[in-house]
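Shown next, in structure tokens, is the structure this report addresses.
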Amino acid sequence: MRKIILAAATAGAALTLAACSETADKAGETADAMAADASANAEAAGDAMEGAADATAEAAGDAAAAVEGAAEEAAVEAEAAMEGETEEEAAAE
């Protein structure tokens with residue numbers, strides 16, 4: 001009788017270890033998948049930030065060029081107004 005109880009306890013322990021081992025393997029696979037997803041998300045976020053920075057720099061450059069053009073045009077108009085010339089005459093000079 002003791003041998004049967006001992007065999008049953010041993011079998012139960014073996015089944016428990018097998019179940020834990022399988023759970024640990026699945027947990028390891030899940031952790032690996034989560035790490036891969038986190039890495040991919042971090043890379044995508046970095047790419048998005050880089051794209052946003054490039055777009056912002058380009059927009060700032062365009063805005064600076066527009067301001068410079070408007071300032072030059074305003075200077076020409078102001079000079080023409082001071083000299084009593086029309087805008088087209090001042091621009092032709």
Inset, instruction - Test Gly51 against the criterion of being within 11 Å of the chain's Cα centre (by Cα) and modelled with pLDDT under 90, and give yes or no. - result: yes
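Being assigned to a helix (DSSP H, G or I), touching an Asp or Glu at 6+ places or on another chain (Cβ under 6 Å) and at pLDDT 80 or above narrows it down to one residue among Glu68, Glu72, Glu77; which is it?
Details: Glu68 fails: touching an Asp or Glu at 6+ places or on another chain (Cβ under 6 Å); Glu72 fails: touching an Asp or Glu at 6+ places or on another chain (Cβ under 6 Å).
Answer to the selection: Glu77.
The values are calculated or read from the model by the stated rules, or taken from the named source; none is laboratory data. Small disclaimer: the values here were computed from a predicted structure and weren't measured. Note that each Cβ is placed from the backbone with ideal geometry, even for glycine, and that neighbours are counted across all protein chains shown.
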